[in-house]
Structures are given as C-alpha cells and as structure tokens.
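To start, the structure under review is shown below, and the notes come after it.
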Amino acid sequence: DMDELAPEIAFRRLQIASSQGDRAAVDRWYAEVERLDGGFLGSAQRILYRDAVEQWIDDPSDTAAAREIVRQGEGVVEQLGGSSANERVLLGVLETSAQAAGAIWELESDRAMLDKAIAFNQRLIDSGAASGPVLMRQARLLERAGRNSDALEVWRRLVAGLESESEDWYEARYESMRLLSAVDVESARTAMRQHITLYPSLGPAPWDARFRSLARAMNVEVPR
C-alpha cells in the first residue's frame, strides 16, 4: 500500500519537474501536493517561490512570474513569520514580494496588487527594516492608494530620519509639504516659509524649481 507515501512522491516529482524546468509538470504536481496535504506544502511553496524569482530576474516584464512570487511569497511569509532564526530570510521574501506586487501594479494597474505591495512593505517596516528606500516606496504606494494622510506621515518620518540636505531628504521635505498643502494649506505655507528661511536657494536641482513652483501654488513669496 503506497497511499501513505503519496504526498512525498508527489513532492519528489515536483522537485524533479522544477529541476528540469518543466512548468506544466510543476503546476500539476504542486496541485497534487496541495490536494494531498501531507506536510510537504510549505516546501513546495518555497520551490515555486524560488523558481518564480529566477524567472522574474531573467525577465522583469514577466508579470506571470511576478504574480507567482506574490502568491507563493504570502505562504512563505506565513511559514517564516514565527521564527526569529529565519528573520533574514523573511525580510528577503518580504522585500522581493513587495517589489513584485508593486511592479504588477505599475504595469497593470491591479488594485489588489497595490494593496498587497503596501501590506508587504508594512510587514517590512513593522519588522524593523524601515530603510529609506522601503519608506519612500511605501509613501508613494500609499498616495496611489488614496491614503494621503498615511503617505504624509511616512514622508514626515523620512524628513526626521534622513541626513539633512541629502537628495532623499529634499525629496521627502518637498513631498511632505505638497501633501500637507492639500489638507492644511496654512500649515504648509508656514513650513514653506521656514524652508525658504533656512535654505534660501531652496535646494539643488531639480528640487529648487519644484519648491519654487509649489510655493507659487501656495501663494508664498520666494526671493529671486
């Protein structure tokens, strides 16, 4: 009687199909592993996630591979989420899955993928991996999702945390004032006047022109 071995046999066949690059067979045996549910599903998800990452690296326009990264990445994140020993791997999966979901949103305007990208980014931030690039990506995605107040808070966090007068700092300061002007124009004008006082040149190109344009839109006088 081979019934007890059926889940492992299906998984081993999945491994072989993956090593041979046989996508149809991979899909077939993954479905079988999923159906039998014999303790091999987590390992199968990691195989499909790894294969999808390799495909996407080879062709960043391959949205099918990007979708597979997101689909399997969610499962892998759940597997790894409870173990501090796997923290480095978890952060890598979150980063790659966030990038894949964001790429699908940019290419196909898929709102579900926008929400998933935000969720992956938030897990990264909550895990203590709130680097400048992650926060900037999150702020842009939040604004695209119509969550301007949340985006403003992230840009403010960047203004407070980035090195003053760095390129990213000027971007964060500009974006925070731009978003603030939509909800509290008087506070935005005060912030702009402070910026003009502290940085009379407004900043390096292209931020000087952008600050100047934003100031005009807010009816704030800028020295010539």
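Just the Cα atoms of the stretch 149-189: what Rg and Dmax do they give in Å?
Answer for the stretch 149-189, Rg first and Dmax second: 9.8, 27 Å.
On average, how much accessible surface per residue is there in the stretch 1-143, in Å², for a 1.4 Å probe, leaving out ligands, DNA and RNA?
Per residue, the stretch 1-143 has 52 Å² of solvent-accessible surface.
For the stretch 95-224, just run the numbers: alpha carbon Rg, then divide by 2.2 N^0.38 Å, N being how many residues it has.
Against the compact-globule rule of thumb, the ratio is 1.12.
Roughly how many percent of the accessible protein surface of the stretch 1-154 is carbon and sulfur, given a 1.4 Å probe and a whole-percent answer?
Carbon and sulfur: 49 percent of the exposed surface of the stretch 1-154.
Using a Gaussian network model on the chain with a 10 Å cutoff between Cα atoms, which of 129, 205, 52 fluctuates the most?
Of 129, 205, 52, the most mobile in the Gaussian network model is 205.
Provide the convex hull volume over Cα atoms per residue for the stretch 37-163, in Å³.
Each residue corresponds to 116 Å³ of Cα convex hull volume.
Around residue 65, under 12 Å between beta carbons, what's the net of Lys plus Arg minus Asp minus Glu among the other residues?
-2
Could you tell me how far the Cα centroid of the stretch 10-42 sits from the Cα centroid of the stretch 131-150, in Å?
Taking the Cα centre of the stretch 10-42 as reference, the centre of the stretch 131-150 is 37 Å away.
Output the 0 to 90 degree angle, nearest 10, between the alpha-carbon long axis of helix 111-126 and the longest principal axis computed from the alpha carbons of the chain.
Here the helix axis deviates by roughly 80 degrees.
What accessible area, in Å² to the nearest ten, does a 1.4 Å probe give for residue 30?
Probe radius 1.4 Å; accessible area of residue 30 about 10 Å².
Rounded to the nearest 20 Debye, what is the dipole magnitude of the chain about its Cα centre when Lys and Arg each give +1 and Asp and Glu each give -1 at the C-beta?
Its charge dipole is roughly 1120 debye.
FRET efficiency for residue 217 and residue 168, Cβ-Cβ distance as r, R0 = 22 Å, nearest 0.05?
0.45
Please give the contour-minus-distance gain from residue 147 to residue 78: 0.36 nm per residue of separation, less the Cα-Cα distance, rounded to one decimal in nm.
Value of the extension gain: 22.2 nm.
At each listed q (0.09 Å⁻¹), what is the log10 of I(q)/I(0) that the Debye formula gives for the chain modelled as equal alpha-carbon point scatterers?
-0.51
Taking 0.36 nm per intervening residue step and subtracting the Cα-Cα distance, what contour gain separates residue 112 from residue 50 on full extension?
Fully extending the segment from residue 112 to residue 50 adds 20.1 nm.
Taking only Cα atoms, what is the 0 to 90° angle, nearest 10, from helix 185-198's long axis to the longest principal axis of the chain?
Helix 185-198 and the main axis of the chain meet at about 70 degrees.
The values are calculated or read from the model by the stated rules, or taken from the named source; none is laboratory data. Please read these numbers as outputs of a predicted model, since none were measured by experiment. Cβ atoms come from the backbone with ideal geometry, glycine included; neighbour counts cover every protein chain shown. Side chains included, ligands, DNA and RNA excluded: accessible areas come from the protein's heavy atoms. Shrake-Rupley method; radii C 1.70, N 1.55, O 1.52, S 1.80 Å.
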